[in-house]
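Nothing in this text is a laboratory measurement; each read-out follows from the coordinates by a stated rule. All values derive from a computational prediction rather than experimental measurement. When we count neighbours, we look across all protein chains shown, and the Cβ atoms used for this are built from the backbone with ideal geometry, even at glycine.
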Amino acid sequence: MIEVSQKCIGCGKCVPVCPFAAIQMMEKKAVINEACTLCGACVQICPVEAINIVREESVLKDFSNYKGVWVFVELSEPEDKASAHRAAPAGKPQAEAVIEGARKIKPVTFELLSAGRKLADELGQELCAVVLTDKNRAYEKELGALDADKMYLVENPEFFEYNTDIFSTAITALVNRHKPAVMLYPATIQGRDLAPRVAAALYVGLTADCTGLAIKDGLLLQSRPAFGGNIMADILSPNSRPQMATVRPNVMKISDPVYGKTAVLLREEIKIDKTLRRVKVLERKITREPGALKISDAKIVVSGGRGMKTKEKFKTLEELARLLGGMVGASRAAVDLGFKEKTRQVGQSGTTVSPSIYLAFGISGAVQHIVGMKSSDVIVAINKDPGASIFNVATYGIVGDAHEILPKLIEALKRKG
Amino acid sequence: MHIAVFIKQVPDTTEVKINPETGTLIRAGVPSIINPYDHFALQSALELKKKHGFRVTVISMGPPQAKSVVQLALALGADDGVLLSDMAFAGSDTWATSYALSRAAKKSGKLDLILCGMQAIDGDTAQVGPGVAQQLGIAQVTFCEHIDLDGKKFIVKKLIDNGYEVVEVKPPALFTMIMPPDYAPDYPSFPDIHAALAKPYQVWSAADIGAEERYLGLKGSPTQVNKIYPPPLKGKAQMTHGSVHQAVDKLLEIMKKERFIEE
């Protein structure tokens, strides 16, 4: 519950910060009404610490038998699968058209191992990788190179492709058997499908899409952006184990691999019932295109502003975005000039984006634009004017003419293939 | 068939302004909207209703003013509306929210399908949908774009990390919806809004859905917010002045360094 103590000086600072309009000033005291969701925004702003969220202390549990930092190893998707249900004549049994492809460990796994290593060292515990696969391809060597101490391996033909029911059942069983203190998943589509299912089954804390991880008083401190990237929150899960998090790809730096080191291979037997598979894949198409994503979900955004001059010239950004596997955004000025549709407008009156990289071509950097992209991990600004305010928020600034740089950049990227 | 759609009222995060001096949020005057992903989920449900005559129930958990999203859904054509509102829900994290919503789903009778947005724009967790599916013990398909019905089975197009899949699943199931690029949200006409305001909707408390208090709110939430703070401001940009050639080299170097292109 939330309480306003006698310390309240009636300054009223909490009233406008409440996202739910749940605070009113009555007789120079803050009064919180039933619209309150206990989000804590007012607690942060109060200058005299008069507002407190009171949490009933749960009985302290003993978690000393929970040890180790686990990383879920995500493998690349199997090859494309043709639509069997459309091709096969009705009534005939349909063979699973699975093509034997070498499934690789996704790079995001190495990011997690690098971050997990630091946590494990801090805790003085082991770093363990968890692999569910239909066929082990000496993954322990690759995982060992990233300094994983152990690899828990469950080999079962049912793991030939990702399936929510089968994977969550196996992970839940493994966690119950070995009791890790921390478990990390990539915040990919697969990781974000799997982790909450496991967390719900185990009744443990799970923090989504973390961009920072640390150990604080023996607990996993999880940092993540919220409110469209407008604020950061630090999250703890003190009363349940394992402490679980999904980690945003392209954030954690990969440590230098030490080849020759091998993770200790531990084979695990887990009974997997075929009938668990409630969702069946009929068709799969692997593409590099960002597909149906909105610009707010794009990992790479190539944006242009008034400096792109014409609609025709603006189109060169499309080519760059395609080469990088990103999406095109635009400033409000560019949208108003008709260079790009409104749905791609980045900024206060458009969409807020927080991609891994934001490339701004010919954007001066009005506040209206900056608030919509400043939480991007890396901002690269290209502008003729060395005094453009976009350079104030950029990670890298390049003073130059976008119209000269763009074609040359595209050419160089094409040469690389 | 009977579909439930979970919808959430959220502050329009794209309208949140930032105090350029302090880097803090200015939330005053930020409008509340239906979570855009939930809006698409609702439209997907209403499309199934139009084609197959399904019954559509919307359920929203939130403070009393969240009734406006329930009324919006009713105006757009939902058959029944439920507002889950109780101080006991306040402070619920994704686990406790999943618990409350799964209790509400149980009270709604036999459901064949539950739809919700892939995530809400204020939290961006994408955890409540799968959490509900697990707590109800039903199948889930996340990040879906399109739903078809083939006899008694759903055929769903969903995103995967480097492409898409078409999957088949029998009811009951829960799908979380993305927003396709060509999608435009429908808004009700004034007469429809007017009519919806007269439509009854139900308000359920924690007791109504048989939820145990120990699993709700802060007490029932395994995660705790330790601190909220403005994102760190970027340092001074590393500037490059020079020829076009130098600029291109620098850009390639940055992209390699940040791992957006291969060495």
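Kindly identify the range A:295-416 as rounded, prolate or oblate by the Cα gyration tensor criterion: order the square roots of the eigenvalues as a ≥ b ≥ c, call it rounded if a/c is under 1.5, otherwise compare a/b with b/c, prolate if a/b is larger, else oblate. Mind showing how you got there, number by number?
Working: a/c = 1.24, a/b = 1.20, b/c = 1.04.
Rounded is the answer for the range A:295-416, as its axis ratio a/c remains below 1.5.
Around B:Ile209, with a cut-off of 14 angstrom between Cβ atoms, what is the net charge of the other residues, counting Lys and Arg +1 and Asp and Glu -1?
Details: positive: B:Arg103, B:Lys106, B:Lys107; negative: B:Asp86, B:Asp208, B:Glu212, B:Glu213.
Taking every other residue near B:Ile209 into account, the sum is -1.
Evaluate the relative contact order of the range A:295-416 (contact order divided by residue number), counting alpha-carbon pairs under 8 angstrom at least 6 apart; express in whole percent. Mind showing how you got there, number by number?
Numbers: 272 pairs, mean separation 30.5, N = 122.
So the answer I get is 25 percent.
Could you check how many percent of all C-alpha pairs in chain B are farther apart than 27 Å?
Above the 27 Å cut-off, chain B has 46 percent of its Cα pairs.
What do you get for the angle between helix B:67-76 and the principal long axis of chain B? Use alpha-carbon atoms, 0 to 90 degrees, nearest ten.
That helix lies at roughly 80 degrees to the long axis.
Can you tell me the relative contact order of chain B? Whole percent, Cα pairs under 8 Å, sequence separation 6 or more.
Working: 477 pairs, mean separation 59.4, N = 263.
Over chain B, the number comes to 23 percent.
When the Karplus curve 6.51 cos²θ - 1.76 cosθ + 1.60 is applied with θ = phi - 60°, which whole-Hz ³J(HN,Hα) does each residue of the range A:10-16 get, with x for Gly and Pro?
Result, ordered by residue: x, 6, x, 5, 6, 4, x Hz.
Per the helix-only calculation at 222 nm, which mean residue ellipticity applies to chain B, given -39500 (n - 2.57) for every DSSP H run of n ≥ 4 and division by its residues, nearest 500 deg cm²/dmol? Display every interim value, and only then the final one.
Working: 7 runs with 77 residues, N = 263.
Value at 222 nm, helices only: -9000 deg cm²/dmol.
How much length would be gained if the chain were fully extended between B:Lys50 and B:Leu252, taking 0.36 nm per residue of separation minus their Cα-Cα distance, in nm to one decimal? Before the final figure, lay out each step's value.
Working: separation 202, 0.36 × 202 = 72.72 nm, distance 5.14 nm.
Contour length minus the Cα-Cα distance gives 67.6 nm.
Trypsin sites (Lys or Arg not before Pro), restricted to the range A:122-205: which are DSSP loop and have at most 16 other Cβ atoms within 10 Å?
Working: sites: A:Lys135, A:Arg137, A:Lys141, A:Lys150, A:Arg177, A:Arg192, A:Arg197; in loops: A:Lys135, A:Arg137.
The qualifying sites are A:Lys135, A:Arg137.
How about the range B:134-171: which trypsin sites (Lys or Arg not before Pro) there are in a DSSP loop, with at most 15 other Cβ atoms within 10 Å of their Cβ? List each step's numbers first, then the result.
Working: sites: B:Lys152, B:Lys153, B:Lys157, B:Lys158; in loops: B:Lys152.
Answer by residue number: B:Lys152.
Could you give me the ³J(HN,Hα) list for the range A:253-262, computed from phi with Karplus coefficients 6.51, -1.76, 1.60 and θ = phi - 60°, whole Hz, x at Gly and Pro?
Values per residue, Gly and Pro as x: 7, 7, 6, 5, x, 10, 5, x, 7, 10 Hz.
Can you give me the long-range amide H partners of A:Met183? Hydrogens built in the peptide plane at 1.01 Å from N, cutoff under 5 Å, separation of 5 or more residues or another chain.
Here A:Trp70, A:Gln243, A:Met244, A:Ala245 satisfy the definition.
Using only the C-alpha atoms of the range A:193-280, find the volume of their convex hull and express it per residue in Å³. Mind showing how you got there, number by number?
Values: hull volume 18.1 nm³, N = 88.
Cα-based convex hull of the range A:193-280, divided per residue, equals 206 Å³.
Which one of A:Ile9, A:Gln222, A:Ser76 has its Cα pushed farthest toward the positive end of the charge dipole of chain A, where Lys and Arg give +1 and Asp and Glu give -1 at the Cβ?
Checked the options; the winner is A:Ser76.
Under 5 Å between amide hydrogens, which residues at least 5 positions from B:Gln140 or on another chain qualify, with H placed 1.01 Å from N in the peptide plane?
Residues meeting the criterion, in which the H sits 1.01 Å from N, are B:Leu174.
Which helices, taking whole DSSP H runs in chain A, have alpha carbons extending 15 angstrom or more along the helix axis plus mean Kyte-Doolittle at least -0.5? Mind showing how you got there, number by number?
On the way: long enough: A:107-123 (24 Å, 0.20); A:164-178 (21 Å, 0.39); A:189-202 (20 Å, 0.39); A:402-416 (21 Å, -0.27).
Helix filter hits for chain A: A:107-123, A:164-178, A:189-202, A:402-416.
Plugging the Kirkwood radius over Cα pairs into Stokes-Einstein for the protein assembly as shown, at a temperature of 4 °C and a viscosity of 1.567 mPa s, what D comes out in µm²/s? Numbers along the way, then the final one.
Working: Rh = 26.3 Å.
It diffuses with D of about 49 µm²/s by this estimate.
Out of the DSSP beta bridges found with both residues in the protein assembly as shown, what percent are antiparallel (nearest 5)? Mind dumping the intermediate values first?
Values: 49 of 125 bridges.
Around 40 percent of the beta bridges assigned by DSSP in the protein assembly as shown are antiparallel ones.
Just checking the protein assembly as shown: which Cys have no other cysteine's beta-carbon under 4.7 Å?
Isolated Cys, the protein assembly as shown: A:Cys8, A:Cys11, A:Cys18, A:Cys36, A:Cys39, A:Cys46, A:Cys128, A:Cys210, B:Cys116, B:Cys144.
Quick check on my link table: of A:Lys384/A:Lys414; A:Lys299/A:Lys340; B:Lys8/B:Lys49, which ones sit more than 23 Å apart, alpha carbon to alpha carbon?
Details: A:Lys384/A:Lys414 25 Å; A:Lys299/A:Lys340 19 Å; B:Lys8/B:Lys49 21 Å.
Correct reply: A:Lys384/A:Lys414.
List the aspartates and glutamates whose alpha-carbon lies under 20 Å from that of A:Lys271, not counting same-chain residues fewer than 8 positions away?
Excluding near neighbours in sequence, the set is A:Asp134, A:Glu155, A:Glu158, A:Glu161, A:Asp165.
Can you run phi through the Karplus equation (6.51, -1.76, 1.60; θ = phi - 60°) for the range B:185-190 and list ³J(HN,Hα) in whole Hz, with x for Gly and Pro?
x, 7, 10, x, 6, 4
How big is D for the range B:24-137, in µm² s⁻¹ as a whole number, if Stokes-Einstein is applied with the Kirkwood radius of its Cα pairs at 37 °C and 0.692 mPa s?
Working: Rh = 14.9 Å.
Rounded to a whole number, D works out at 220 µm²/s.
log10 I(q)/I(0), Debye, Cα-only the range B:175-263, no solvent, q = 0.17 Å⁻¹?
Summing over Cα pairs of the range B:175-263 leads to -1.05.
What is the mean number of Cβ atoms from other protein chains located within 10 Å of the Cβ atom of each residue in peptide A:204-217, rounded to a whole number?
On the way: counts 3, 7, 9, 6, 8, 6, 0, 1, 0, 0, 0, 0, 1, 0.
Taking the mean over all residues of the peptide, I get 3.
Amide H of A:Met151 versus every other amide H placed in the peptide plane: which residues, excluding those fewer than 5 positions away on the same chain, fall under 5 Å?
The list, which skips near neighbours in sequence, is A:Ala129, A:Val264, A:Leu265, A:Leu266.
I'd like the antiparallel share, as a percent to the nearest 5, of DSSP beta bridges with both residues in the range A:185-262.
Details: 10 of 15 bridges.
Around 65 percent of the beta bridges assigned by DSSP in the range A:185-262 are antiparallel ones.
What value, in deg cm²/dmol to 500, does the helix sum -39500 (n - 2.57) over DSSP H runs of n ≥ 4 give at 222 nm once divided by the residues of chain A? All intermediate terms of the calculation are to be shown ahead of the outcome.
Numbers: 12 runs with 103 residues, N = 417.
Dividing the helical sum by the residues of chain A leaves -7000 deg cm²/dmol.
log₁₀ I(q)/I(0) of the range A:2-53 at q = 0.16, 0.25, 0.26, 0.28 Å⁻¹, via Debye over equal Cα point scatterers, no solvent, to two decimals?
Listed by q, the Debye log ratios stand at -0.34, -0.91, -1.00, -1.19.
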